[in-house]
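Below is one structure, written out as structure tokens; the observations come after it.
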Amino acid sequence: MTDDRTGQDLARAGTRAVERSSDVEQRQISNEARLIRGVFRAAGLAAGTAVRGSQWAVGTTYEVTKELAQAALDGESSAEIAERTGNALRSIARSALGVTEGSVREIVSYVPTPNGATQQAVAVGPYLRSASTEDLRRRGDALLARSADVYFTEDVHPAYDRILDEIAPDEARILRFMALNGPQPSVDVRTNRPLGIGSELVQGDLTSVPEQAGVRYPDRARSYLINLNRLGLTYTSDDPVVLSRYMVLEVQPVVEEALKKAGRAPKIVRKSLRLSEFGEDFCRTCFTIGS
């Protein structure tokens with residue numbers, strides 16, 4: 001007699017074998033699908049970044065699609081498809097831009113190398129951080145390539161977009177105030193010594209600009225000014241403004257407190273806080289500064 005249980009066990013084992021085979025096949029299909037999607041993303045990035053007109057973009061898509069179709073007909077593996085498409089992208093980008101292999105890889109961002117590995121920059125937030133001297137050189141070559149491309153246009157300085165992410169709303173108020181009102185008085189408070197020898201700085205770059213601009217967090221005023229200076233938008237000049245404008249500043253609590261710390265007969269050095277040329281252009285570009 002036949003043992004039914006043995007037959008059932010064999011059936012279950014066979015089913016599991018089929019399931020395992022199906023799982024492996026499904027994973028392979030998913031991996032290839034992800035690969036092909038990645039290749040199309042690379043093609044789109046190449047067309048969007050290094051394009052020399054709509055005709056070039058159409059040609060790029062056609063060439064890459066032709067490579068994929070031919071690879072599929074030839075029954076090539078996923079790695080072979082990636083290599084073939086990567087070669088097509090490199091060739092198209094080089095002929096369109098006339099740049100080096102390193103520049104092409106930076107522009108395309110993802111190009112499979114002959115051994116199947118990928119070269120990709122390290123992303124940090126919305127920016128790219130180079131991991132080596134080779135990466136820096138490649139990014140520099142890509143910049144030079146774009147500078148030589150007569151079809152590449154740049155309406156504003158690329159740093160402006162980043163700066164808007166790095167300033168607080170109160171700092172925007174300070175910049176707009178200075179764009180409307182020009183240079184503002186600033187003072188250093190120092191100890192007073194004969195002939196200035198041995199004079200020590202008690203507190204420097206004191207100004208009432210944040211308060212005049214109407215910032216919401218006056219306790220952060222010092223940090224605001226430091227950040228604006230760090231970004232190259234403002235600077236402190238040794239050239240003073242009209243003398244009468246210092247009268248209001250020198251009776252402010254922050255200045256009076258510094259004068260007390262300076263001891264007997266403290267010395268006040270009058271300077272000014274100004275927008276840099278870069279800061280002036282940033283304000284004209286990024287803010288509505290009245291009529």
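The values are calculated or read from the model by the stated rules, or taken from the named source; none is laboratory data. The model shown is predicted, which means the values in this text are computed figures rather than measured ones. Cβ: placed from backbone, ideal geometry, glycine included. Neighbour counts: every protein chain shown. Keep in mind that these areas ignore ligands, DNA and RNA; they rest on the heavy atoms of the full protein, side chains included. Shrake-Rupley method; radii C 1.70, N 1.55, O 1.52, S 1.80 Å.
Less than 13 Å Cβ to Cβ from GLU211, Lys/Arg counted +1 and Asp/Glu -1: what total charge do the surrounding residues give?
+2
Quick one: net charge around VAL241, please, counting Lys, Arg +1 and Asp, Glu -1 for every other residue with C-beta under 14 Å from its C-beta. Present the calculation step by step, with values, prior to reporting the outcome.
Details: positive: ARG245, ARG270, LYS271, ARG274; negative: ASP238, ASP239, GLU250.
So the surrounding residues net to +1.
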(request) Would you please give the FRET efficiency between SER223 and GLU166, computed as 1/(1 + (r/R0)^6) with r the Cβ-Cβ distance and R0 = 22 Å, to the nearest 0.05? (result) 0.95
(request) List, in order, the whole-Hz ³J(HN,Hα) value for each residue of the range 186-191 obtained from phi through the Karplus relation with A = 6.51, B = -1.76, C = 1.60 and θ = phi - 60°; use x for Gly and Pro. (result) 8, 9, 10, 10, 10, 6
(message) Once you place label points 7 Å from the Cα toward the Cβ at ARG193 and GLN252, how far apart are they in nm?
(response) 2.8 nm
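For the range 189-291, what does the accessible surface come to per residue with a 1.4 Å probe? Please give it in Å². Walk me through the intermediate numbers first.
Details: 6490 Å² over 103 residues.
Accessible surface, normalised per residue, equals 63 Å².
Report relative contact order for the range 126-244 in percent, whole number only (criteria: Cα-Cα under 8 Å, sequence separation at least 6). Don't jump to the answer; show the numbers that get you there.
Details: 69 pairs, mean separation 26.4, N = 119.
It comes to 22 percent, rounded to a whole number.
Using 0.36 nm times the number of residues separating GLU211 and ALA148, minus their current alpha carbon distance, what extension gain do you get?
Numbers: separation 63, 0.36 × 63 = 22.68 nm, distance 4.65 nm.
Here the segment from GLU211 to ALA148 would lengthen by 18.0 nm.
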